[in-house]
Structures are given as C-alpha cells and as structure tokens.
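Structure first, commentary second.
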Amino acid sequence: MREPGFWQAGHGHPAARLLAPLAALYGAAGARRMDRPGAEGPCPVICLGNFTLGGAGKTPAALAVAAMMRDLGAAPVFLSRGYGGRLAGPVQVSAIHGAADVGDEPLLLARAAPAVIARDRPAGAALCRSLGATAIVMDDGLQNPSLAKTLAFAVVDAATGVSNGRVFPAGPLRVPLRRQWPHIGGVILVGEGAAGEAVASEAMARGCPVHRARLVPDAADLSSGPWLAFAGIGRPEKFFSTLREAGAVLAGTRSFPDHHPYRDAELTALADEAHRLGARIITTEKDAVRLPSHFAARVEVLKVVLRFEDADSVRRQLTAIMERATSGTYP
C-alpha cells in the first residue's frame, strides 16, 4: 500500500483524528493478539520486525544478523511468511520458485542461507530445524504471536520513525507503541533523522539497546548514468536517496506500492521513458526478482548491505542467545 500523506503530517491532522476510533479498535485487537504466548521454537528464534506497516530495512537487517550468527558458529535458517506468494508452506525456497510462489524477500534470503516460507510459523520453524538450523532468523512477524521469539529486534527507518505515532489506519503503527515495547529486545536504527532519534531516546529510556546502522551500496558502478530509478518497496524515496548519496545522476524516478507485481504496460512505459531521457534503468534487488527475465536483463540492480556502527554490541546480544542454547535451554 502507499502511505497516506497525513501519516507524516503530525498527530493532530484532521484525517488522523477522524480515524482515531477505528484505530483504537484495531490497536486494541492487535495488542491482545501480540500478548498471546507462542509455541516455543526448536532452537533460538531471532525476529527482525518493525513497529509500523511498510519497509524499514528488515530484510537487509536479517541478512546481516544471519551473517553474524554464522560467524558465531551457528547454522541460521531464514523463516518468512512469504508475503505476496501463493504458497502457504511450510516449504523450503528453491530455484524452482519465483516471487509469485513465495514472495520477493524470501528469494533474496535464500541466496544467503536456507530459507523457509510458512504462514504457520511453528510449522515453518519445525522445517527449519529439519534443515539443520541451530538458529532461526525470522524476517518480519514481530506482531505475530504464534512462535515465541528468543530475541526480537525492531528495525526503524530513522528518516520516518513511527511517523505520527498513531495506529493504523490513523497512522502506520501496527499496535500502540507502548504495548510493543515489552516484546522488544533491541532497536536497529537505520540511517539518520530526528524521527528515528525520538524512537531511540524512548528505547534507551526503557533500557532497550539501540544499534545504529546504515544501508551501503555494494559493488555498484553508478558512474555510467544518467539513471531512471524505479522501486516498489515500503519507501521508494529511501532507494532514490541512497542512489544520490552514492553519486548517481537521476534523470527520473518512479514509485510503486510495496511488493508491486509489475505489468507489461508499466515496464514498457519505463523502457520508453528511459529511451526518451537517454537514461539507463536501475532498481532494487527486491524489485528485480519480480521482473520478467526479458526485462530484468535490461535493468541494473543496486545491491545494498546493512552495516552496524558497533557490530560488537549486536554480537554480544546474539552470543548470549547462543550460549543459552548450548547450555541446554532449547531441545
């Protein structure tokens, strides 16, 4: 979905006030659901989620955490709902699958480690274990109570924070923020911005660790532009800003809703516009896996990785989790 403009317009915007009663009902139901006890996982479960609807960098964060887990001697397996895919799972993501089957994010995760998609998270966790997992890295699902989390990180886009601080549909929060804090073991703050700093301040006041991070372009040659950039992610503007900060000259940008299934007419329009502008086309990894092969061959892909400012602080939290596991806490 596209984020309504009033979500960024402040807590007192008339549309937000008008939707407040519906938001109260939605938030109360979500909070009750989030508080339910979940099934224990067969090994430690590290969740990368966010407070709000939309993207914040969860998938790059999940990849970074899994890499740390491997460095610590664990065998991580990714677990995802497979949003946007037709398969309910549990199923291991493989080369035979496309975004229409399992969603776009699991395809990216599966490039780094075994990945499972499952709408039934406990069943998915069991499959992860059968694949040799000694740790499960769950992409999204913070508010889903079905599988207990050993450690849950809330990934926050520092540029937007929690926007107007209201619950959907009056704002982007999935559950009132005060009801989410007891479930959080750490905040991963991506980028810079006053909105994110406000969330970080509240986290620190509650004794919740804050891990600062940034998204860094990985091995991209952006000097051969100009570029026509397009993205169908939670916040396309973040992608465009990353390109500009990396020195790319943008002749144009096009935004689409998150997880958008691209139609032939849209791709033809992009190609025509790029030709008119004398530009090359560039998009995100997440968008690229949703493109038909004939068009994907014409598109440059910007890969990004998440880098922590203080990786040791994250590593200490993960080490404590694995030490509990090796001491016999988990079956």
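The values are calculated or read from the model by the stated rules, or taken from the named source; none is laboratory data. Computed from a predicted model, the values in this text were never measured in an experiment. We place every Cβ from the backbone using ideal geometry, glycine too, and count neighbours over all the protein chains shown.
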Just wondering, is there one or more residues in region 169-182 that are of a type in the set (A, V, I, L, M), within 14 Å of Val77 (Cα to Cα) and buried (at least 24 other Cβ atoms within 10 Å of the Cβ)?
no
Picking from Gly38, Gly57, Gly27, Gly84, which residue would you name as being crowded, with 20+ Cβ neighbours inside 10 Å and assigned by TED's automatic domain parsing to the domain that holds Leu142?
Gly57
Could you check how many residues of region 12-37 are farther than 27 Å from Ala148 by Cβ and either touching a helix residue (DSSP H, G or I) at 6+ places or on another chain (Cβ under 9 Å) or among the aliphatic types (A, V, I, L, M) (or both)?
10
Let me spell it out: the conditions are (1) at pLDDT 95 or above; (2) of a type in the set (Gly, Ala, Ser); (3) part of a loop (DSSP other than H, G, I, E, B), and Gly84 meets all of them except one. Which number is the exception?
(1)
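Out of everything in region 198-225 that is acidic (Asp, Glu) and modelled with pLDDT under 95, what residue ends up being farthest from Glu300 (Cα to Cα)? Lay out the reasoning, then the answer.
At the first step, the residues of region 198-225 found to be acidic (Asp, Glu) are 202, 218, 221.
Checking which are modelled with pLDDT under 95 leaves us with 218, 221.
Values: Asp218: 13, Asp221: 10 Å.
Restricting to residues being acidic (Asp, Glu) and modelled with pLDDT under 95, the top hit is Asp218.
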Condition first: in a loop (DSSP other than H, G, I, E, B), crowded, with 20+ Cβ neighbours inside 10 Å and of a type in the set (Lys, Arg). Can you find one or more residues in region 106-117 that meet it?
no
Looking at this structure, is Val167 over 20 Å from Pro236 (Cα atoms), in the same structural domain as Pro90 (by TED's automatic domain parsing) and either touching a helix residue (DSSP H, G or I) at 6+ places or on another chain (Cβ under 8 Å) or not β-branched (Val, Ile, Thr) (or both)?
yes
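What are the residues in region 33-70 that are assigned to a helix (DSSP H, G or I) and touching a Lys or Arg at 6+ places or on another chain (Cβ under 8 Å), if any? Steps first, answer last, please.
First pass over region 33-70, keeping only residues assigned to a helix (DSSP H, G or I): 33-34, 58-70.
Hits for region 33-70 are Met34, Thr59, Ala64, Met68.
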(1) buried (at least 18 other Cβ atoms within 10 Å of the Cβ); (2) closer than 23 Å to Pro292 by Cβ: which one isn't true of Val65, the others all being true?
(2)
Kindly indicate the residue of region 226-244 that is within 21 Å of Gly161 (Cβ to Cβ) and under 16 Å from the mean Cα position of the chain (by Cα) and also modelled with the highest pLDDT among those meeting that condition.
Ala231
Conditions (1) touching a residue at least 24 places away in the same chain (Cβ under 8 Å); (2) part of a helix (DSSP H, G or I); number of the one not met by Glu300:
(2)
If you go through region 173-186 one residue at a time, do you hit one that is of a type in the set (D, E, K, R), under 24 Å from Ala29 (Cβ atoms) and in contact (Cβ under 8 Å) with a residue 60 or more places away in the chain?
yes
